[in-house]
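S.K.: After the structure tokens below, expect a handful of questions from me.
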Amino acid sequence: MSYYFAIIGTQDNPLFEHEFGTSKQGGDGIARFPEQARHMNQFIVHSSLDIVEEVQWGGGQMYLKCIDRFYNNYVSCFVTGGNVKFLLLHAPSQPAGANQNRASTSIAANPTSPQAEEAIKQFFTEVYENWVKTIMNPFYQVNMEVKSPVFRGRVAAAGKKYL
Amino acid sequence: MASQPIKPSLAGNASQSQRTSQLGLRYPSNGKTIYHRPLNRSRTQELSQASFAYLFGEMVSYAQKRVTGIQDLEKRLNVQGHPIGLKLFDLLLYREPPRTQTRPLNIIALLQFITTILWRHLFSRPADALEKSSNPDTPDEYMISDNDPLVNQYISVPKEMNQLNCAAFVAGIVEGVCDGAGFPARVTAHSVGKGEEGELWPGKTVFLVKFQQEVVEREAYLPKN
């Protein structure tokens, strides 16, 4: 139930990255990626950019749902007007033994369920609002890295609220 | 990294100002960052034309001191308008009601967005006409015409520079919107005021939007809805 969120600019360059875990159902909000999987997250997310570009011209909506799957990792995407992509990778962890039945209906364990899609859509909408505020900054040029700790805090809060 | 969980929006102001000295980031004295400002515009929040005219006049004279020709002056104004177009596109898409919040997928949809929503945002009225070029050599040119561009109202152009049209600034905004949406284009402003129909609208300006080759190819390739 860990999430890796990245914002990719128009030149396929990453502008912002954030890892967090689920805060629902007793989760503590800290990402639990195995050490060797952490750098793979970036690769997986960037390799799904090709699929994003194919899908974005098929329909005009901004939220493209789950577009890619790599073993246990699911990637969902949101495309903004300025062709900046928000990518969220979720890796449901497998709890061993007795917890399996209770956890199987939660959002984090079922990344393709309609509740999960709805929750992720709300998360993306809130991040989009903060993103528009970021780009309205007259000193922000397109494809600049986002370093503001306030923005990071807002994204983390949105993650805690919806995921 | 900052490991304290930050409380959402206004409640976090006190803790933020305490951490100011550690982060080296300066916050305004009332603790409100740009993230606290609302994005949806209230009805009365419009800018006065006088302030804009003053600023625009200054922009034109600033550019004029530094350039050697009319083309360069128009290019400078164009470059100043471009980032505004990029930001406006996302802002206007955000403000649309969710049902109509779609990215434009083809040229016509994009141009309709520009002539209605963008023009209404900038000038409180939609653009006057949108035409496709009938010249078979240039099928990728479209023309947006505006009978009385607001930006030119207080700019007086001397007779020896009468090819200059300061609506190049608005052309830059339109170019920014096109580039942001994924339809790279070159947009230029031309005055067609003096002529047969010019007597009704002496300041009539036509914005010529010329899309690049790959846009036309993609347009032909995608299925027509």
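The values are calculated or read from the model by the stated rules, or taken from the named source; none is laboratory data. Here the structure is a predicted model, which is why all the values come from computation and not from measurement. All Cβ positions, even for glycine, are placed from backbone atoms using ideal geometry, and neighbour counts span all protein chains on display.
S.K.: With respect to residue B:171, is the statement that it is in a loop (DSSP other than H, G, I, E, B) and under 19 Å from the mean Cα position of the chain (by Cα) true?
M.R.: Working: in a loop (DSSP other than H, G, I, E, B): no; under 19 Å from the mean Cα position of the chain (by Cα): yes.
Against the criterion (in a loop (DSSP other than H, G, I, E, B) and under 19 Å from the mean Cα position of the chain (by Cα)), residue B:171 does not qualify.
S.K.: While we're here: Among the candidates B:117, B:107, single out the residue that is among the β-branched types (Val, Ile, Thr), touching a residue at least 60 places away in the same chain (Cβ under 8 Å) and either more than 10 Å from every other protein chain (Cβ to nearest Cβ) or buried (at least 16 other Cβ atoms within 10 Å of the Cβ) (or both).
M.R.: Within the list B:117, B:107, the selection yields B:107.
S.K.: Okay, moving on. Of the conditions (1) outside any helix (DSSP H, G or I); (2) within 19 Å of residue B:116 (Cα to Cα); (3) modelled with pLDDT of 85 or more, residue B:177 fails just one. Which one is it?
M.R.: Going through the list (1) outside any helix (DSSP H, G or I); (2) within 19 Å of residue B:116 (Cα to Cα); (3) modelled with pLDDT of 85 or more, residue B:177 breaks only (1).
S.K.: Additional query: Within region A:148-163, count every residue that is of a type in the set (Val, Ile, Thr) and facing chain B (nearest Cβ under 8 Å). Lay out the reasoning, then the answer.
M.R.: Restricting attention to region A:148-163, the residues satisfying the condition of being of a type in the set (Val, Ile, Thr) are A:150, A:155.
Those still in the list that are facing chain B (nearest Cβ under 8 Å) too: A:150.
Of the residues in that region, 1 qualify.
S.K.: Looking at A:75, A:84, which one is under 17 Å from the mean Cα position of the chain (by Cα), modelled with pLDDT of 85 or more and within 14 Å of chain B (Cβ to nearest Cβ)?
M.R.: Values: A:75 fails: within 14 Å of chain B (Cβ to nearest Cβ).
Selected residue: A:84, the only one of A:75, A:84 that is under 17 Å from the mean Cα position of the chain (by Cα), modelled with pLDDT of 85 or more and within 14 Å of chain B (Cβ to nearest Cβ).
S.K.: A further question on this structure: Is there any pair with a first residue in region A:24-48 that is away from chain B (no Cβ under 14 Å) and a second that is modelled with pLDDT under 75 whose Cβ atoms are under 6 Å apart and which are 6 or more apart or on different chains, and what are they?
M.R.: Qualifying pairs under 6 Å: A:25/A:106.
S.K.: If you don't mind, there's one more thing I want to ask. Only one residue in B:101, B:163 is without any contact (Cβ under 8 Å) to a residue 60 or more places away in the chain, surrounded by fewer than 21 Cβ atoms within 10 Å (Cβ to Cβ), farther than 20 Å from residue B:212 by Cβ and polar (S, T, N, Q). Which one?
M.R.: Step by step, each of B:101, B:163 is checked, and only B:101 is without any contact (Cβ under 8 Å) to a residue 60 or more places away in the chain, surrounded by fewer than 21 Cβ atoms within 10 Å (Cβ to Cβ), farther than 20 Å from residue B:212 by Cβ and polar (S, T, N, Q).
S.K.: Select, from B:169, B:207, the only residue that is surrounded by 13 or more Cβ atoms within 10 Å (Cβ to Cβ) and farther than 20 Å from residue B:64 by Cβ. Break it down into steps so the answer makes sense when it comes.
M.R.: Numbers: B:169 fails: farther than 20 Å from residue B:64 by Cβ.
The unique qualifying residue is B:207.
S.K.: Working only within region A:135-147, note down all residues that are more than 8 Å from chain B (Cβ to nearest Cβ) and on the phi < 0 side of the Ramachandran plot.
M.R.: A:138, A:139, A:140, A:144, A:145, A:146, A:147
S.K.: Which numbered condition trips up residue B:53, out of (1) without any contact (Cβ under 8 Å) to a residue 40 or more places away in the chain; (2) more than 14 Å from every other protein chain (Cβ to nearest Cβ); (3) surrounded by 13 or more Cβ atoms within 10 Å (Cβ to Cβ); (4) among the small types (Gly, Ala, Ser)?
M.R.: With respect to (1) without any contact (Cβ under 8 Å) to a residue 40 or more places away in the chain; (2) more than 14 Å from every other protein chain (Cβ to nearest Cβ); (3) surrounded by 13 or more Cβ atoms within 10 Å (Cβ to Cβ); (4) among the small types (Gly, Ala, Ser), residue B:53 is out only on (1).
S.K.: What is the one condition in (1) within 8 Å of chain B (Cβ to nearest Cβ); (2) modelled with pLDDT of 80 or more that residue A:118 does not satisfy?
M.R.: All conditions pass for residue A:118, except number (1).
S.K.: Filter region A:65-78 down to the residues that are within 20 Å of residue B:98 (Cβ to Cβ) and buried (at least 21 other Cβ atoms within 10 Å of the Cβ) and list them by number.
M.R.: Listed by number, the residues that qualify are A:76, A:77, A:78.
S.K.: Right, next: Just a yes or no: is a residue in region B:57-77 among the hydroxyl-bearing types (Ser, Thr, Tyr) and either surrounded by 17 or more Cβ atoms within 10 Å (Cβ to Cβ) or closer than 19 Å to residue B:145 by Cβ (or both)?
M.R.: no
S.K.: Do we find a residue being closer than 30 Å to residue A:125 by Cβ, under 18 Å from the mean Cα position of the chain (by Cα) and surrounded by fewer than 17 Cβ atoms within 10 Å (Cβ to Cβ) anywhere in region B:124-144?
M.R.: There is at least one residue in region B:124-144 that is closer than 30 Å to residue A:125 by Cβ, under 18 Å from the mean Cα position of the chain (by Cα) and surrounded by fewer than 17 Cβ atoms within 10 Å (Cβ to Cβ).
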